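Asks: Mind having a look at this structure? Questions to follow.
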Amino acid sequence: MIPPLKQKDDAHKALVWMEELRCNELPVVHDGHFLGFITEDMIMEANDAEKLIETFDKIGKQCVLGSGSHMYDVIKMAAENEMKMVSVQDHANTYMGVITVQDTINSMAQSIAIQMPGSILVLSIPHIDYSLSQISRLVEENNAKILSSSVKEDDVDSGQLRVTLKINKPDLAQIVATYERFGYKVIGRFQESQIVEKDKEKLDMLFRFLDI
């Protein structure tokens, strides 16, 4: 859906395409190989509508993934390179197209874990005590299942992990009590029965980003 620019295209063409596609960066391809991205800011700074694309120093040259990569890899790669899209190539390193972060998020939103009803629970666990099998067992003992989980290092204490769980039950009272009985620290809980639809959508969006 997003066509690549060629080296002999000019800055004016790039700006027109960006406006039509409502994006501020476009891939540049030569002989089937990805060369990097050019951005609206780069063109505006040059202040020359006739300047050829080949004369610009491209950015995001390493923002490339193979066609078999997972959608999570797209988000990670885009974030590492501070880009809004990622180039995709086949096993022969031939350019296949780009996938945008927005398209990836939209795809993730259709996943079963996001669509199924449930609640979100956030635990704070020391690195040394982290065990996903133990965390899952305690949930399953309460006749529930973990639909999705994510783990990240605590922003304040590097010795702690923040574990976010989506569980297929609206009432977390028994599960919270079980975790606390086993010494787990519960730092957040969001139950569907207590959330209006608008807020639920915001929480699901937050969970999607935590799950990346």
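Asks: Hey, any hits in the range 36-53 for a residue that's in the same structural domain as VAL101 (by TED's automatic domain parsing), touching a residue at least 40 places away in the same chain (Cβ under 8 Å) and out of contact with any strand residue (DSSP E or B) (no Cβ under 8 Å at 6 or more places or on another chain)?
Replies: Step one: filter the range 36-53 for residues in the same structural domain as VAL101 (by TED's automatic domain parsing), giving 36-53.
After this cut, where a residue has to be touching a residue at least 40 places away in the same chain (Cβ under 8 Å) as well, the list is 37, 50-53.
Of the ones still in play, those that are also out of contact with any strand residue (DSSP E or B) (no Cβ under 8 Å at 6 or more places or on another chain) are none.
Checked the range 36-53: no residue is in the same structural domain as VAL101 (by TED's automatic domain parsing), touching a residue at least 40 places away in the same chain (Cβ under 8 Å) and out of contact with any strand residue (DSSP E or B) (no Cβ under 8 Å at 6 or more places or on another chain).
Asks: While we're on this one: Restricting attention to the range 35-88, which residues are farther than 20 Å from GLN102 by Cβ and assigned to a strand (DSSP E or B)? Spell out how you get there, then give the answer.
Replies: Initially, the range 35-88 is screened for residues farther than 20 Å from GLN102 by Cβ, giving 35-36, 42-58, 61-62, 66, 68.
Within the range 35-88, LEU35, GLY36, LEU52, GLY66 qualify.
Asks: Quick one: how many residues across the range 61-70 are over 15 Å from HIS30 (Cβ atoms) and surrounded by 15 or more Cβ atoms within 10 Å (Cβ to Cβ)?
Replies: First, the residues of the range 61-70 that are over 15 Å from HIS30 (Cβ atoms): 62-63, 65-70.
Narrowing the set further to residues that are surrounded by 15 or more Cβ atoms within 10 Å (Cβ to Cβ) leaves 63, 65, 69.
Qualifying residue count for the region: 3.
Asks: Do you know which of the residues in the range 150-188 that are polar (S, T, N, Q) and in contact (Cβ under 8 Å) with a residue 12 or more places away in the chain is surrounded by the fewest Cβ atoms within 10 Å (Cβ to Cβ)? Reasoning before the result, please.
Replies: Within the range 150-188, the first condition is being polar (S, T, N, Q), and the residues that meet it are 150, 158, 160, 164, 168, 174, 178.
Filter once more, keeping what is in contact (Cβ under 8 Å) with a residue 12 or more places away in the chain: 150, 160, 164, 168, 174, 178.
Values: SER150: 16, GLN160: 19, THR164: 18, ASN168: 15, GLN174: 13, THR178: 16.
The extreme case among them is GLN174.
Asks: If the Cβ limit is 7 Å and pairs must be 6+ apart or interchain, which residue in the range 63-89 that is farther than 23 Å from MET18 by Cβ pairs with which residue that is surrounded by fewer than 17 Cβ atoms within 10 Å (Cβ to Cβ) and of a type in the set (Gly, Ala, Ser)?
Replies: Within 7 Å, the pairs are MET71/SER107.
Asks: State all residues of the range 161-212 that are aliphatic (A, V, I, L, M) and modelled with pLDDT under 90; if no residue qualifies, say none. Lay out the reasoning, then the answer.
Replies: Of all residues in the range 161-212, those aliphatic (A, V, I, L, M) come to 161, 163, 165, 167, 172-173, 175-177, 186-187, 195-196, 203, 205-206, 210, 212.
Of everything in the range 161-212, those that are aliphatic (A, V, I, L, M) and modelled with pLDDT under 90 turn out to be ILE195, VAL196, LEU203, MET205, LEU206, LEU210, ILE212.
Asks: Right, something else. How about the range 87-103: which of its residues are more than 12 Å from MET71 (Cα to Cα) and surrounded by fewer than 19 Cβ atoms within 10 Å (Cβ to Cβ)?
Replies: Going residue by residue through the range 87-103, those that are more than 12 Å from MET71 (Cα to Cα) are 87, 89-98.
Correct list: GLN89, ASP90, HIS91, ALA92, ASN93, THR94, MET96, GLY97.
The values are calculated or read from the model by the stated rules, or taken from the named source; none is laboratory data. Just so it is clear, the structure is predicted and the values come from calculations on it, not from any experiment. All Cβ positions, glycine included, derive from the backbone under ideal geometry; neighbour counts span all protein chains shown.
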